[in-house]
Amino acid sequence: MCGIVAATARREVSEILLEGLRRLEYRGYDSAGIALIDAEQSLKLHKEMGKVSVLEAAQQQQPVTGRIGIAHTRWATHGVPSAVNAHPHLSRERLAIVHNGIIENHQALRDELIAQGYEFLSETDTEVIVHLLHRAVGTGAGLFEAMRSVVARLQGAYAIAAIDRENPEQVVAAREGSPLVVGVGIGENFLASDQMALRQVTDRFVFLDEGDVVCISPDTISVVDAEGVKQQRQTTRISGALESVELGEFEHYMLKEIHEQPRALAQTFAVAEGHRVDDSLFGEGAGAIFDQVSSVQIVACGTSYHAGLVARYWLEDLAGIPCEVEIASEFRYRRRAQHPGTLLVTVSQSGETADTLAALRDATDPAFVGSLVIANVDNSSLVRESDLMFLTQAGTEIGVASTKAFTTQLVAFLMLTIALGRRGTMDSAKSDELVNVLHDLPGLVEQTLQLDAGIKRMAESFIQKHHALFLGRGVHYPIAMEGALKLKEISYIHAEAYAAGELKHGPLALVDDDMPVVAVAPGDELMEKLRSNLEEVRSRGGELYVFADRAADFQDSPRVHVLPMPSCPDVLAPVTYTVALQLLSYHVAVQKGTDVDKPRNLAKSVTVE
């Protein structure tokens, strides 16, 4: 969602702030702004609707410069997208702040401040924070002490960064429920909501804990915890070359990331040295925890939830271990009867998904023997707060619609199935077979990508449609769900997924010649059942688009359009069929002219409830 960048240095920082915002564009936003304290110790700012490029144009026309500043990309929650509601927000030309998150008690605070003479210019919940800070420093408190007193009054989630023209070297920040990281330099220090925003200036980071308040200057970093006790947080060096986020030969990041999947899948499995899926891949002490596991509870949101649904089939079928899967925002708000000996598995591309993180923190039932996170970002909140972790090797994913993050999560789940299966019903021969077929997966995905031209032609039939139905059976029902989600995310076509056996229980009423029906039809044991379901669609005038195994003998016929898929082991088919459905959604969106990488109303990292 929203992105924060802040800097205090011995050099001019406006370009550092703008570059940080460019690197955060993938998170999704509707406006952008920047505020600096200039050489005359005055607060100067630009706030613009639209892309960071609009903010850059304003900066070029009327440069705002300084050695200390804050910047922000906003995704609207309170108040419509507008320049007035964009961050930073000011209080009486002295203080400026940026904020990620939601302040739940903002209305009561606003009423209190209005009664004391403060004027509000925006509709946002954020503006109460800057006025509270102004009131606190007006009593003689320093900015650091003022921030500590203000956050004690806030209810909700936040990451806040503030500057004060009376303290022209200090940036003060706080976090609670929203990520914030300190970038460590020499004669300069930085803050950001994501370390990716700062990789151009440093490779050393301090990851703040919940409740921390931090003050940075060019030469110092001072942190206190929620109780006000001074802390020395560990500095982490992020190794490896800075990953390129250039488009290269591709028109969109989504297409680039679809084509990066063979490499990402291979790298995710490559952590298994010597072709062995050892317990140690999941962290120190994994073996002792896995030995206690008699069931698995998966908690996730969105695309990651669909990965968990696939994993349930694998864990129960291949490993003989009972598994439950639940959406994080539901899991945390209901009274549960948890099975003893349960491993809690959270899944999140960013490792910062607010509902999933809250579910982990709420999972205090002694029935849980441990927690494991599957994530793509090291040192993220879920990674730091879980007992065990498995890091997928998807690399940076810019497109809002997840592609390679999802398929690498599937590989991670298959590896977890192998590790737990040794304690369940999986014998060594089956374990070896799964390890061997995983080596074939990148090549099978390459073969699927070669079907691009045929999928592009198929996509032309969807351009004028307003609804679509996706069908799958067994483990491919969640893949149909993921296909429907991708289509609605980036093309804005309403799409629903159903287990194909449920057609006659309601969805069949929707089928007509204006409702395309997409079917996932691998050559597994449910093929004949699915074939009967699809015949029901065709006989009622529906238009069928069938992604079918070449060996399944599906034939084109009137109102039936077949895309032959590479034959592959049943356990790998969820990945290859996902890639084909990603390409279908991508081409439909391109032909409709939507913003493929940044679809309306959506954000990459959902860090608020």
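What follows draws every value from the coordinates through simple rules; no lab data is involved. Since we're looking at a predicted model, the values are computed, not measured. When we count neighbours, we look across all protein chains shown, and the Cβ atoms used for this are built from the backbone with ideal geometry, even at glycine.
With bins 10 Å wide starting at 0, give me the P(r) of the stretch 403-468 over every alpha carbon pair, in whole percents.
Result returned by the calculation: 16, 32, 26, 17, 9, 0.
By count of other Cβ within 10 Å, fewest leading, how are I103, I4 ordered?
With the sparsest Cβ surroundings first, the list reads I103, I4.
May I ask you to list, by number, the DSSP H helices of the chain whose Cα span along the axis is at least 20 Å and whose average Kyte-Doolittle hydropathy reaches -0.5 or more?
302-318, 404-421, 476-491, 573-592
For a 32 Å ceiling on Cα separation, which of these pairs sit above it: K404/K465; K51/K256; K230/K598; K430/K456?
Over 32 Å apart, Cα to Cα: K230/K598; K430/K456.
Could you list the trypsin sites (Lys or Arg not before Pro) in the stretch 83-158 that lie in coil according to DSSP, counting only those with at most 15 other Cβ atoms within 10 Å of their Cβ?
Passing sites in the stretch 83-158 are R92, R153.
Over the Cα atoms of the stretch 3-237, compute the convex hull volume and normalise it per residue, giving Å³.
Looking at the stretch 3-237, the number lands at 108 Å³ per residue.
Within the P(r) computed for the stretch 424-503, what percentage of the Cα pairs occupies the region above 14 Å?
In whole percent, the share of Cα-Cα pairs in the stretch 424-503 beyond 14 Å is 74.
Could you tell me which GluC sites (Glu not before Pro) in the stretch 73-121 are loop residues by DSSP with no more than 14 other beta carbons within 10 angstrom of their beta carbon?
E93, E104, E119
Rounded to the nearest 5, what is the percent of antiparallel bridges among the DSSP beta bridges in the chain?
Expressed as a percentage, antiparallel bridges in the chain total about 60.
Taking H as built 1.01 Å from N, whose amide H comes closer than 5 Å to the amide H of A157, not counting residues under 5 places away?
I102, E104
How about the stretch 161-269: which chymotrypsin sites (Phe, Trp or Tyr not before Pro) there are in a DSSP loop, with at most 14 other Cβ atoms within 10 Å of their Cβ?
The qualifying sites are F250.
Which value at 222 nm does the chain reach when only helices count, each DSSP H run of 4 or more adding -39,500 (n - 2.57), with the total divided by all residues and rounded to the nearest 500 deg cm²/dmol?
-10000 deg cm²/dmol
Would you give the gap between the C-alpha center of the stretch 172-212 and the C-alpha center of the stretch 390-432, rounded to a whole Å?
Measuring centre to centre over Cα atoms gives 30 Å.
What does the convex hull of the alpha-carbon atoms of the chain project to on average, in nm²?
28.0
Per-residue HN-Hα couplings for the stretch 246-254, Karplus 6.51 cos²θ - 1.76 cosθ + 1.60 at θ = phi - 60°, whole Hz, x for Gly and Pro?
7, 6, x, 7, 9, 6, 9, 5, 4
Once phi is turned into θ = phi - 60°, what whole-Hz ³J(HN,Hα) does the Karplus curve with 6.51, -1.76 and 1.60 give for every residue of the stretch 331-346, x standing for Gly and Pro?
4, 7, 10, 9, 7, 10, 10, 8, 5, x, x, 8, 8, 8, 10, 9
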